[in-house]
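S.K.: One structure is given below, represented as structure tokens, and several questions about it will come after.
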Amino acid sequence: MAAPVPSVPPVLIGQLTDTHVLSDDETTDRDVDNNARLTLAVESMVSESPTLDAVLVTGDLTDTSHPHAFETLVGALDAFLVPVLVLPGNHDTRAETRRAFPDMGWIDADHLSWVHEIRGVRLIGLDSTRPRHHGAEFDGDRAEFLSSVLGERHDGPTILAMHHPPFATGIDWMDRAGFIGLDRFADVLAAHPGTVDTIVCGHLHRPISSVVAGVPVQVGLAPVQHVALDLDADAGPAVIHDPIGYQIHLVAAPDRTVGATTAHGVGRVVTHTRYIGTGETPFVPSWAADHDPTAPF
């Protein structure tokens, strides 16, 4: 009889995106209190059970890259007692992002990319920003960086984080800013098949899923206003007050080597969405008292 396999808890990675923090000196026409909503999201993430192992913040950290806005952001993120990994978005300058987060372990390059490992899970932060533009860019320097990292042996799961989605979403007024080097990006992924388990990003302020070069991509929802869903090519800019929240990426523990799911490399990263500020709390339905736990829902 085989020895029992010890139960190894999964790695839980929380993802915030598009927080658009403002300084006290700034005003906004966003119709919502971005800073208060960040506080609400942080409070919810801190209270998650089991506790998160790390938190990703995938860009548009601030609304105007004002130094005082970054100070407010850093103060809010200090509530986390786990590693916080950030990336710039098109609203953030690289200089202010680097100044506010000097201990991120940025690589030695103009772009603010990084690599970290959390309990055997490799997290790659890829700076997709194109300075002074809203759109994305994946140039030769970033291709060299990503190719080099993906070429290194890593036996555990890999999550690639970036700000801009590496695909056209169908929301034309947002897609119009473009993604320079998108084919190059797909080529790098295709050259390292099976290396990246999932890509997580932001920018659209609403949850969207796709696949690029065989890799699942998940766009996170923002704690501020969302881009309205309108797939008409002639639609103009519009936002909507959809429920806000964040994502939790549940990653199968790297040393959990048995079981049909992980043995075949399937389902190593599962993304859940936590809605907050809705006023709703979980409850036990009336039918659950006599429910057979082995029966389908």
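The values are calculated or read from the model by the stated rules, or taken from the named source; none is laboratory data. Because the structure is a prediction, the values reported are computed rather than measured. Side chains included, ligands, DNA and RNA excluded: accessible areas come from the protein's heavy atoms. Shrake-Rupley method; radii C 1.70, N 1.55, O 1.52, S 1.80 Å.
S.K.: For the chain, what is the mean residue ellipticity at 222 nm derived from helices alone (per DSSP H run of n ≥ 4: -39500 (n - 2.57); sum divided by total residues; nearest 500 deg cm²/dmol)? It would help to have the intermediate numbers written out before the result.
M.R.: Values: 7 runs with 59 residues, N = 297.
Calculated from helices alone, the mean residue ellipticity at 222 nm is -5500 deg cm²/dmol.
S.K.: Give me the log10 of I(q) over I(0) for segment 104-166 at q = 0.16, 0.20 Å⁻¹, as the Debye formula computes it from C-alpha points; what are the numbers?
M.R.: Results for segment 104-166 at q = 0.16, 0.20 Å⁻¹ read -0.52, -0.80.
S.K.: Determine the share of the chain's accessible area contributed by carbon and sulfur atoms, expressed in whole percent, with a 1.4 angstrom probe. Could you put the intermediate results ahead of the total?
M.R.: Working: 7810 of 14610 Å².
Its accessible area is 53 percent carbon and sulfur atoms.
S.K.: Compute the length gained on full extension between ASP183 and GLU43: take 0.36 nm times their separation in residues and subtract their Cα-Cα distance, giving the result in nm to one decimal.
M.R.: Details: separation 140, 0.36 × 140 = 50.40 nm, distance 3.93 nm.
Length gained, ASP183 through GLU43: 46.5 nm.
S.K.: Using a probe radius of 1.4 Å on heavy atoms only, what accessible surface per residue do you get for segment 82-176? Whole Å² is fine. List each step's numbers first, then the result.
M.R.: Numbers: 3990 Å² over 95 residues.
The answer is 42 Å² per residue.
S.K.: For the chain, take N as its residue count and report Rg(C-alpha) divided by 2.2 N^0.38 Å. Walk me through the numbers before you get to the answer.
M.R.: Values: Rg = 19.6 Å, N = 297, 2.2 N^0.38 = 19.1 Å.
After normalising by residue count via 2.2 N^0.38 Å, the value is 1.02.
S.K.: Kindly give Rg over Rh for segment 1-115, based on alpha-carbon atoms, with the Kirkwood expression for the hydrodynamic radius.
M.R.: Numbers: Rg = 16.7 Å, Rh = 15.4 Å.
With Rg and the Kirkwood Rh in hand, the quotient comes to 1.09.
S.K.: Let me ask another. For segment 107-237, what number results from the quotient of the Cα radius of gyration and 2.2 N^0.38 Å? Mind dumping the intermediate values first?
M.R.: Numbers: Rg = 14.9 Å, N = 131, 2.2 N^0.38 = 14.0 Å.
Normalised Cα radius of gyration, segment 107-237: 1.06.
S.K.: For segment 10-49, compute Rh as the Kirkwood radius over C-alpha pairs and then the Stokes-Einstein diffusion coefficient at 25 °C and 0.890 mPa s; write the answer in µm²/s, rounded to an integer. Don't jump to the answer; show the numbers that get you there.
M.R.: Working: Rh = 11.8 Å.
After rounding, the answer is 208 µm²/s.
S.K.: Could you tell me which of rounded, prolate or oblate describes segment 55-170, using a ≥ b ≥ c as the square roots of the eigenvalues of the alpha-carbon gyration tensor, with rounded for a/c under 1.5 and, failing that, prolate when a/b is larger than b/c and oblate otherwise?
M.R.: Details: a/c = 1.74, a/b = 1.18, b/c = 1.48.
Taking the square roots of the gyration eigenvalues as a ≥ b ≥ c, segment 55-170 is oblate.
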